[in-house]
Amino acid sequence: MKKLLFLVLIPLISISQNDFKDNIKALLADQYDQVNIKTYDELTSIRIPIISPPNIEVNFISCLVNGVYDYFVFDTGCSAGLAINKTMFNKILKTGRVSYKDYLGDSSIITAVGNYELVKVVIMDEVIIGDPKNSFKIKNVLTMVYDSEEGPLLLGQDIIKRFSSLTIDNKNEVYIFKK
């Protein structure tokens, strides 16, 4: 009986942890003060914190995409501005801030491991990069939606190429975007 109870509780704990993470992300999304967010036109340079979880060798950057908050892998190999999974895309759809007119069509891409994959290409109206107290906003970001529920979220070239330089300052744990 104890084994059965344990086996039943593990999925419940897992589900509640995911709900907890989603609730935290929703709270963080609500913390953005639209008055303090710099627009791309206002920028000259901005320092955005690198998010480096312990025991993970990948750097993340926080983003609010059409009202949905999450952490994105900083990926210079990603040709789009963002690459998102179906779970993230469905959350964005629920906000009502993306519609069929934002859909550009399907495209075939080559993944980092050399596989071909079909993705949906969408323009996201607004992406806010950084934390609630230090962030900037860019418009019309080319976004690929790939067919996976849990794959990584990527921030890539359509955003990076908008800047004259982008420095990864590992010592101070910041990305420095210069226009």
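If you take the residues of the range 124-176 that are among the hydroxyl-bearing types (S, T, Y) and either farther than 18 Å from D70 by Cα or surrounded by 15 or more Cβ atoms within 10 Å (Cβ to Cβ) (or both), which of them is nearest to the chain's Cα centre (by Cα)?
If we filter the range 124-176 for residues that are among the hydroxyl-bearing types (S, T, Y), which is where we start, we get 135, 143, 146, 148, 164-165, 167, 175.
Checking which are either farther than 18 Å from D70 by Cα or surrounded by 15 or more Cβ atoms within 10 Å (Cβ to Cβ) (or both) leaves us with 135, 143, 146, 164-165, 167, 175.
Working: S135: 14, T143: 10, Y146: 13, S164: 22, S165: 20, T167: 19, Y175: 15 Å.
Within the range 124-176, the match that is nearest to the chain's Cα centre (by Cα) is T143.
Could we say that G77 is touching a residue at least 24 places away in the same chain (Cβ under 8 Å), out of contact with any helix residue (DSSP H, G or I) (no Cβ under 7 Å at 6 or more places or on another chain), loosely packed, with under 15 Cβ neighbours inside 10 Å and not in a strand (DSSP E or B) here? Yes: the conditions hold for G77.
Contact annotation: residue pairs with Cβ atoms under 7 Å, 6 or more positions apart or on different chains, pairing a residue in the range 156-174 that is on the phi > 0 side of the Ramachandran plot and touching a residue at least 24 places away in the same chain (Cβ under 8 Å) with a partner that is part of a loop (DSSP other than H, G, I, E, B) and not charged (D, E, K, R), are E173/I50; E173/S52. The single condition among (1) more than 16 Å from the chain's Cα centre (by Cα); (2) loosely packed, with under 13 Cβ neighbours inside 10 Å; (3) among the charged types (D, E, K, R); (4) in a loop (DSSP other than H, G, I, E, B) that K101 does not meet is (4). In the list I50, I46, I92, which residue meets the criterion of being modelled with pLDDT of 90 or more, surrounded by 15 or more Cβ atoms within 10 Å (Cβ to Cβ) and over 16 Å from the mean Cα position of the chain (by Cα)? Among I50, I46, I92, only I46 is modelled with pLDDT of 90 or more, surrounded by 15 or more Cβ atoms within 10 Å (Cβ to Cβ) and over 16 Å from the mean Cα position of the chain (by Cα).
The values are calculated or read from the model by the stated rules, or taken from the named source; none is laboratory data. Note that the structure is predicted; figures quoted are calculated from it, not measured. FYI the Cβ positions are ideal-geometry reconstructions off the backbone, even for glycines, and counts take in every protein chain you see.
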